[in-house]
Amino acid sequence: MSVVAGIHAVRHALDSGRVEELLVEKGKRHPRINELIHLARREHIRVAFRPREGLDALAEGARHQGVVARLRDHDRVNTDFSSWLDGLDPAMQPVVLVLDQITDPHNLGACIRTAEASGCNAVIVPRHHSAHVSSPVVAKSACGALARIPVFEIGNLARCLQALKEKGFWVIALCGEAESSLYQVSFGGAVALVAGSEGKGVRRLVRETSDQMVRIPMPGSVESLNVSVAVGVALFEIVRQRSS
């Protein structure tokens, strides 16, 4: 069963109706926690009080602030990607963020948060060799975005990109060695933006499946950006172009 930790993340989960049980640290008193307890009981959600050590274990290192929520099964990850894609209209210029093997849960959560903030239609991650979307650290870093944007875990990322292309998406991968600059690209139509991990970048097969590779110009001397920063730069360039 998935969990979210921290006052803000738990409040978002309660508001979206996904909480099965609210767990509160014994002896913890705070007006915002009292409000969460009131909301849970109003919706007939179980409320239990646990020692801090129990919440620490459930939160898996995330700062829980004395409150953790258990979510209903399957409320974190969407599984029916094919049905979702079939119902999508490419003429509406959807944007999908594809994250290739982002293993740091803070980065994955931050990327999902940025995707939702920029108006992305969905986030796609590989089922294996990636931070787990069910991680409390991902949920806390996403800051409520998991309740607002579909996230799909896919077994074969290259095959998924091919399906997006057949639907009419233009697949653009962020690669530091690419010749084209992000700012030379027109982001009209349906777009799938692919970003890889800081260490390995986008994998070879995923790059080969992409339609185009672009880089973010960096006048300074550092070799790379944090992936969540790079994703933010690219997604909000799409927002900028479509707003002008």
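Can you pull out the residues in the stretch 158-177 that are surrounded by fewer than 19 Cβ atoms within 10 Å (Cβ to Cβ), among the hydrophobic types (A, V, I, L, M, F, W, C) and over 17 Å from Val95 (Cβ atoms)?
Residue satisfying the conditions is Ala158 alone.
What are the pairs with Cβ atoms under 8 angstrom where one residue, in the stretch 43-70, is within 16 Å of His30 (Cα to Cα) and the other, located anywhere, is among the charged types (D, E, K, R) and assigned to a helix (DSSP H, G or I)? Sequence gap at least six, or different chains.
Cβ pairs passing all conditions: Val47/Arg41; Arg63/Lys140; His64/Asp56; Gly66/Arg52.
From Ala178, Ala195, grab the single residue that is aliphatic (A, V, I, L, M) and part of a loop (DSSP other than H, G, I, E, B).
Ala178
Any residue at all in the stretch 205-219 that is surrounded by fewer than 16 Cβ atoms within 10 Å (Cβ to Cβ), in the same structural domain as Ala91 (by the TED database) and part of a helix (DSSP H, G or I)?
Among the residues of the stretch 205-219, at least one is surrounded by fewer than 16 Cβ atoms within 10 Å (Cβ to Cβ), in the same structural domain as Ala91 (by the TED database) and part of a helix (DSSP H, G or I), which makes the answer yes.
So that you can scan it fast, the table gives a plain yes or no per residue for (1) in the same structural domain as Val231 (by the TED database); (2) crowded, with 19+ Cβ neighbours inside 10 Å; (3) at pLDDT below 90:
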{"position": "Gly109", "(1), (2), (3)": "yes, yes, no"}
{"position": "Thr114", "(1), (2), (3)": "yes, yes, no"}
{"position": "Val133", "(1), (2), (3)": "yes, yes, yes"}
{"position": "Pro136", "(1), (2), (3)": "yes, yes, yes"}
{"position": "Ala139", "(1), (2), (3)": "yes, yes, yes"}
{"position": "Asn156", "(1), (2), (3)": "yes, no, no"}
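Could you tell me which residue of the stretch 1-60 is farthest from Arg148 (Cα to Cα), considering only residues that are of a type in the set (Asp, Glu) and part of a helix (DSSP H, G or I)?
Glu53
Got at least one residue in the stretch 138-161 being closer than 30 Å to Ala5 by Cβ, touching a residue at least 40 places away in the same chain (Cβ under 8 Å) and touching a His at 6+ places or on another chain (Cβ under 6 Å)?
yes
Go through the stretch 82-101 and give me each residue that's modelled with pLDDT of 95 or more and either within 18 Å of Asn156 (Cβ to Cβ) or buried (at least 16 other Cβ atoms within 10 Å of the Cβ) (or both).
Passing the criteria: Pro94, Val95, Val96, Leu97, Val98, Leu99, Asp100.
For His129, work out the one condition from (1) assigned to a helix (DSSP H, G or I); (2) over 19 Å from Glu166 (Cα atoms); (3) free of Cβ contacts under 8 Å to residues at least 60 places away in the same chain it doesn't fulfil.
The number of the failed condition is (1).
The values are calculated or read from the model by the stated rules, or taken from the named source; none is laboratory data. In this text the structure is predicted, and so the values were computed from the model without any measurement. Cβ: placed from backbone, ideal geometry, glycine included. Neighbour counts: every protein chain shown.
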